[in-house]
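The values are calculated or read from the model by the stated rules, or taken from the named source; none is laboratory data. Nothing here was measured: the structure is a model prediction, and the numbers come from that model. In this analysis, Cβ positions are derived from the backbone assuming ideal geometry, glycine residues included, and neighbour counts consider all displayed protein chains. With ligands, DNA and RNA removed, areas are computed over all heavy atoms of the protein, side chains included. Shrake-Rupley method; radii C 1.70, N 1.55, O 1.52, S 1.80 Å.
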Amino acid sequence: LYGPPGCGKTLIARQIGKILNAREPKIVNGPEVLDKFVGGSEEKIRALFADAEKEQKEMGDASMLHIIIFDEMDAIMKTRGSTRDNTGVSDSIVNQLLSKIDGVDSLNNILIIGMTNRKDMIDEAILRPGRLEIHIEIPLPNEHGRLQILTIKTAEMRKHNRITPECVERLPELAERAKNFTGAELEGLVRNAASFALARNVNPASLKTLDDKAIKVEWADFERALLE
């Protein structure tokens, strides 16, 4: 899965892990694999595949599916020869991963999902058919998608009557004006609007809310959040 940051790649990968009848997914943040000891990083890669290897030896084709999710995979799967350090760790991590994915003793009970916003930095050998061969772009949401995200992110406000009816009616307008916003930025927009609503209702002298029941997010708060 590749695309701009904040578009829900990690969320999609987690959902794939949930809906498949498989073992609990192993989620690996790219930089976590790096180790200060020689051979430590490669050992961590081998450990990711150890459970699947053991189960396949014991159960063969009856083995359950194992899922490994690599987040920020460009951190550990850089094109070999591109790094200038003297350790060679980056290259050996890629080699270790290649041998595990599609080596002599390759497994057929593993699904590997990778996520990155820098697909151009990843070694071509990893992306070839037979390895991570299906490339899905997760783009910026369109207007309909932005409206869905805003509806989800304001659901709690509507449930507890913390948003004015005008704001609810004008969410489609907000979605139209928030062109090129990522999902993360839309969430930030709603959070900022809530902060402005709270700030309007706080007495600076006592730092207490003037009237807790009256705090509602108004259209002016969304306008201000958009401007910021």
key: Hits in the range 16-39 - residues which are assigned to a loop (DSSP other than H, G, I, E, B), more than 15 Å from residue 97 (Cα to Cα) and open to solvent by 70 Å² or more (accessible area, probe 1.4 Å)   = 21, 23, 24, 36, 37, 38
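Which of the residues spanning the range 49-63 are open to solvent by less than 60 Å² (accessible area, probe 1.4 Å) and either in contact (Cβ under 8 Å) with a residue 40 or more places away in the chain or hydroxyl-bearing (Ser, Thr, Tyr) (or both)?
If we filter the range 49-63 for residues that are open to solvent by less than 60 Å² (accessible area, probe 1.4 Å), which is where we start, we get 49-50, 52-53, 55-56, 60, 63.
Matches in the range 49-63: 49, 52, 53, 55, 56, 63.
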query = Could you say which residue among 101, 113, 134, 152 is under 18 Å from the mean Cα position of the chain (by Cα), farther than 20 Å from residue 183 by Cα and without any contact (Cβ under 8 Å) to a residue 40 or more places away in the chain?
reply = 134
key: Residue count, the range 178-201 (criterion: out of contact with any strand residue (DSSP E or B) (no Cβ under 9 Å at 6 or more places or on another chain), within 16 Å of residue 148 (Cβ to Cβ) and either in contact (Cβ under 8 Å) with a residue 40 or more places away in the chain or among the basic types (Lys, Arg) (or both))   = 8
key: Top-ranked residue in the range 185-218 [being under 27 Å from residue 6 (Cβ atoms) and modelled with pLDDT under 90; ranked as surrounded by the fewest Cβ atoms within 10 Å (Cβ to Cβ)]   = 199
key: Residue that is least open to solvent (accessible area, probe 1.4 Å), among those in the range 117-157 that are at pLDDT 90 or above and among the polar types (S, T, N, Q)   = 154
message = Cβ contacts < 6 Å: first residue under 18 Å from residue 109 (Cα atoms), restricted to the range 11-39; second residue open to solvent by 70 Å² or more (accessible area, probe 1.4 Å) and not in a helix (DSSP H, G or I), any location; separation 6+ or different chain. Result?
response = none
query = Checking residue 72 against (1) closer than 30 Å to residue 185 by Cα; (2) at pLDDT below 80; (3) open to solvent by 50 Å² or more (accessible area, probe 1.4 Å), which single condition isn't satisfied?
reply = (2)
